[in-house]
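A quick write-up on the structure given underneath.
What follows is calculated from the coordinates using simple rules that are stated; it is not laboratory data. Note that the structure is a prediction, hence the values are computed from the model and not measured. Every residue, glycine among them, receives a Cβ derived from its backbone with ideal geometry; neighbour counts consider all protein chains shown.
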Amino acid sequence: MEKSDMNQLSSVVIIFLFGIFQIQYASAGQKEKIMMMKKMAPAKGYIEAHKNAEPNDLFGGAIHTKISQTDGGVFVILPSPRKLDPRVFGTPKMPRAFAGTPGINGVPLMIRGTKGGKYSTTKIATPFGDKYIVMNNGKLKLDAVDRTAQDAKSTHDTVKMMASWKDKTGNTYSVKCCKKLAAHGMEFPTFGGVVHNVILHGFTRIGTALMPSEYTYFAFWGMGSIFKNNKLLEKPRLIHGMLTEYVRTKGYKLAFDHQVNPGGKQFHLMVAPMMPDMEHGTFKHKAVNTGFKLKNGMTLPFWHVMFENLKIKSKHL
């Protein structure tokens, strides 16, 4: 194996949402800091207040949304560092967005690169960079109802989704969701599992700050299943999907907040290499068995897939 391949392999081994880094490579002091950051997740108090609440109906009535794609390709994100927006992450002298489970919410200072007195990129690969491939035969069928307003101990929201795409050798990968929705969040709210018309990610700290702040027409969080060629690889897995304004720039680079395009729309499907840790109210690392092999021979440990040839219908019930 060439040295460049070894370096890439090492980068992959250390990663993906920093969970492996936490467990295998962090020093005792770093592990202590990571645990402190998890406890400092900004929305912890809000989540605590709602986790045993009865579900309340959405003000103005339930919303029924259908999103589909019947043909065309999809953009599949590959591991790469994420450039750090100073509006979201601050500066080394005045850092922001470091609390919470690394990657899922905050970004630890120890994995931020610096240049010229500013943050530059993450020091490790993430699912939120600029590297991607296009896969063919992208199909999406989603039918969701948003009834529950806030986080609660149960939810009346529903999501039925099937998404699939093919690699260049003809293998079909698919994700199915959701028999169970996240009625309440672990470190940030989930609004009963389904939400409409809200800003997520970036400065909001609702979801990872590694994504730009983006107006979100529709989003969900729930537990689903992962398949390759119709063979079940894993279940349950945490699935997140959202229909947002357009957050990719020239060359399909992931935007900073000031580069977001309000005129476009795209559907993001994310299967993160993290799982809820219900006992501790946080997240723990678990790579996804996607079945897709990277050039270095390792299995891609997450799915981050964009659908853009969309048909969208939404109405109040």
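Just so you know, the Rg over Rh for the chain is 0.94, from Cα atoms, with Rh as the Kirkwood radius. Rounded to the nearest 20 debye, the dipole magnitude of the range 152-292 is 580 debye, with +1 charges on Lys and Arg beta carbons, -1 on Asp and Glu beta carbons, and the Cα centre as origin. Dividing the convex hull volume of the alpha carbon atoms of the range 190-317 by its residue count gives 156 Å³ per residue.
What's the ranking of 95-104, 148-157 by average number of surrounding C-beta atoms within 10 Å, highest first? Mind dumping the intermediate values first?
Numbers: 95-104: 22.8, 148-157: 20.7.
Put in order of decreasing packing, that is 95-104, 148-157.
Could you pull out the pairs from K139/K180; K33/K293; K66/K293 whose alpha carbons sit more than 27 Å apart here?
On the way: K139/K180 22 Å; K33/K293 33 Å; K66/K293 32 Å.
Pairs exceeding 27 Å: K33/K293; K66/K293.
Given +1 at the Cβ of Lys and Arg, -1 at the Cβ of Asp and Glu and no other charges, the dipole of the chain around its Cα centre is 600 debye to the nearest 20. Distances between placed amide hydrogens fall under 5 Å for G90 paired with R96, all partners being 5 or more residues away or on another chain.
Where q = 0.28 Å⁻¹, what log10 of I(q)/I(0) comes from the Debye formula for the range 231-281, counting one point per Cα? Those come out to -1.08, one per q. Amide H contacts for N56 (H built 1.01 Å from N in the peptide plane; partners 5 or more residues away or on another chain; cut-off under 5 Å): A149, Q150. For D157, which sequence-distant residues (separation of 5 or more, or a different chain) have an amide H within less than 5 Å of its own amide H, given hydrogens modelled in the peptide plane? Sorted by chain and number, the residues that satisfy this are R147, T148. Sorting the segments 194-200, 279-285, 236-242 by their residues' average number of neighbouring beta-carbon atoms within 10 angstrom, most packed first, yields 236-242, 194-200, 279-285. With the largest listed first and rounded to whole Å, the semi-axes of the equivalent ellipsoid of the range 82-235 from the Cα gyration tensor are 30, 23, 13.
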